[in-house]
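Enquirer: Before I ask anything, here is the structure I am working with.
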Amino acid sequence: MLALYIIDTSYKFTDLQLNQQYFYRVKTRVQTSQSGWSNIQSSTQNTLFDAADNLLDANNFKDPNQKDSFLEKIQVVETMIEQGNYHPALKKLYNDILKKTDGCENEGAPDKNDWLITCEAQNQIYPLIMETIDYLMSQMGPYDLISFSSFAEYWMNTDCATSNDCGGTDLDFSGSVDATDLKIFCNYWLIGND
């Protein structure tokens with residue numbers, strides 16, 4: 001059981017287990033008075049595959065048959081994650097799955113590469129893909145001075161596709177180690193597995 005007071009109007013739990021049901025309730029406190037407890041709510045932490053399967057209808061895709069292909073791609077990523085193959089899973093998310101769902105995030109409307117044809121559908125799945133990417137990045141750490149020295153070794157290298165993504169420092173899989181990769185690295189600075 002977790003009991004805490006926060007001053008914000010929202011709280012994000014971390015390290016929740018997949019397929020685990022969690023129960024919660026809240027109450028408010030203003031200076032010296034407080035409300036009663038809310039009704040008990042619950043949520044189950046779904047896998048990316050389950051969320052995509054439940055949230056997306058076949059009609060959200062350019063071709064309704066693409067839903068099955070999209071789910072297969074996600075299943076491949078989840079298998080990689082289960083096997084501890086974080087780098088290939090991250091690469092598939094960036095280079096394949098994300099590019100089929102990011103038009104609304106990047107351009108305000110679906111683009112020609114998107115399989116999902118509405119912003120409503122993209123806005124449901126894109127954040128979940130980004131959460132999965134965030135999880136993988138945290139597992140691939142640590143992002144510390146030792147890994148920064150490796151990062152510096154590959155700085156401005158433009159031939160990462162032929163050199164194992166420049167030792168894993170081409171964090172956006174663009175083929176080069178540049179300012180975008182540095183920004184990603186800095187976002188995870190001193191975060192990572194123990």
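Enquirer: Label points 7 Å out from Cα along the Cβ direction at I7 and M130: separation in nm?
Expert: For I7 paired with M130, the spin-label model returns 2.6 nm.
Enquirer: Tell me, what HN-Hα J-couplings in whole Hz come from the Karplus equation 6.51 cos²θ - 1.76 cosθ + 1.60 at θ = phi - 60° for each residue of segment 135-142, using x for Gly and Pro?
Expert: With coefficients 6.51, -1.76 and 1.60, one gets 4, 4, 4, 5, 7, 8, x, x Hz.
Enquirer: Here is a further query. In a Gaussian network model over the chain where Cα atoms closer than 10 Å are linked, find which of I125, I133, I146 has the largest mean-square fluctuation.
Expert: Among I125, I133, I146, the largest mean-square fluctuation in the Gaussian network model of the chain belongs to I146.
Enquirer: Another one. Taking only the alpha-carbon atoms of segment 1-97, what semi-axes of the equivalent ellipsoid follow from 5 times the gyration tensor eigenvalues under a square root, in whole Å, largest first?
Expert: For segment 1-97, the semi-axes come out at 37, 17, 12 Å.
Enquirer: Separate question: In whole Hz, what ³J(HN,Hα) sequence does segment 65-75 give by Karplus (6.51, -1.76, 1.60; θ = phi - 60°), x for Gly and Pro?
Expert: 6, 5, 4, 4, 5, 4, 5, 5, 4, 5, 4
Enquirer: Another question about this same structure. By the scheme Lys and Arg +1, Asp and Glu -1, what is the net charge of all other residues having a beta-carbon under 11 Å from that of T47?
Expert: Overall, the nearby charge balance is -4.
Enquirer: Using a 10 Å cut-off around each Cβ, can you sort L128, L145 from fewest to most neighbouring Cβ atoms?
Expert: Ascending Cβ contact count within 10 Å gives the list L145, L128.
Enquirer: If you place +1 on the Cβ of every Lys and Arg, -1 on the Cβ of every Asp and Glu, and leave all else neutral, what size is the dipole of segment 142-194 about its Cα centre, to the nearest 20 Debye?
Expert: The dipole of segment 142-194 has a size of about 100 debye.
Enquirer: Between S149 and D111, what FRET efficiency comes out of the Förster formula 1/(1 + (r/R0)^6) with R0 = 41 Å and r the beta carbon distance, rounded to 0.05?
Expert: 0.65
Enquirer: To continue, here is another question. Give the lysines reachable from K100 as a straight Cα distance under 28 Å; neighbours fewer than 8 places away on the same chain don't count.
Expert: K12, K62, K67, K73, K91, K92, K112, K183
Enquirer: L56's amide H: which non-local residues (gap 5+, or another chain) put their own amide H closer than 5 Å, with H modeled 1.01 Å from N in plane and none for Pro or chain starts?
Expert: Long-range HN contacts for L56: none found.
Enquirer: If you don't mind, another one. Considering Cα pairs under 8 angstrom that are at least six residues apart, work out the relative contact order of the chain and quote it in whole percent.
Expert: Result for the chain is 14 percent.
Enquirer: Could you tell me which label, among (1) 1.07; (2) 1.21; (3) 0.96, carries the value of Cα Rg over 2.2 N^0.38 Å calculated for this structure?
Expert: (2)
Enquirer: Moving on to the next point. Given springs between every Cα pair under 10 Å in a Gaussian network model of the chain, which of K73, K12, K62 has the largest fluctuation?
Expert: Greatest mean-square fluctuation among the candidates belongs to K12.
Bear in mind these aren't lab numbers, they're just calculated from the coordinates by the rules spelled out. Given the structure is predicted, the values throughout are model-derived calculations rather than measurements. Here Cβ is always computed from backbone atoms with ideal geometry, including for glycine, and neighbour counts include all displayed protein chains.
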